[in-house]
Amino acid sequence: MNLHKVFVYGTLKRGEPNHNWFSKDSIGHYRLICEAKTVDKYPLIIGTEYNIPFLLYSPGNGTNVRGELYEVDDAVFRNLDALEDHPNFYVREEREVLSLDDNRKITTWIYFIKDFKENLLKQTSYESYSSEGPHGLKYVTRYLRETTSNYKMKVLNAVKS
Ligand code: PCA
């Protein structure tokens, strides 16, 4: 069995709207390793009319972002890639995070937005994401986005340069 490490900072965290993707179809293995934060700073913003969390690949801007580090097998990894539409929308890259348990540095996959619109850098950046946070920007799940108009195009146009 191939195991992969993935650091999640957005809707995949426990208690967030896409956490169930780890156990989707009950096909694979996943395990929470620890809470962690990114070694480098990145802007974590909430963007588009659907309030989607994005980690912008702009190292040095933003904050050391907090999230959760998981171990997943191939089957779960494939589901996460499908959710994030890697490598068309989010692009995962291997970067370092710091374990909040023991300060160990761990190399892990992280889903970033690359080639984003410059103006996204002006948005508020958060150290830690929650859909139900005080910002009031509750995540709009895919099935609630309109079915008629092409929400994917809308999101791409709002985000990608
Ligand atoms: N899901 C991934 C990327 C952004 C999102 O909502 C995550 O939680 O890391």
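No value in this document is a laboratory result; all are computed from the given coordinates. The model shown is predicted, which means the values in this text are computed figures rather than measured ones. Glycine gets a Cβ as well: all are built from the backbone with ideal geometry, and neighbour counts include every protein chain shown.
Below is a table of values for the structure above.
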| quantity | calculated |
| --- | --- |
| At most 14 other Cβ within 10 Å, DSSP loop - GluC sites (Glu not before Pro), segment 2-93 | Glu49 |
| Fully extended contour minus Cα-Cα distance, from Glu96 to Glu132, at 0.36 nm per residue | 10.2 nm |
| Residue-count net charge about Gly67 - beta-carbon cut-off 11 Å; Lys, Arg +1, Asp, Glu -1 | 0 |
| Nearby aspartates and glutamates by direct alpha-carbon distance to Lys138 (threshold 14 angstrom, same-chain neighbours under 8 apart not counted) | Glu16, Glu49 |
| Contour excess over end-to-end distance, with Cα ends at Asp81 and Thr124 and 0.36 nm allotted per residue | 12.9 nm |
| Of Lys41/Lys154; Lys37/Lys152; Lys13/Lys160; Lys114/Lys152; Lys114/Lys154, those spanning more than 26 Å from alpha-carbon to alpha-carbon | Lys41/Lys154; Lys37/Lys152 |
| Within a Gaussian network of the chain (alpha carbon springs, distance under 10 Å), most fluctuating of Tyr151, Tyr42, Tyr70 | Tyr151 |
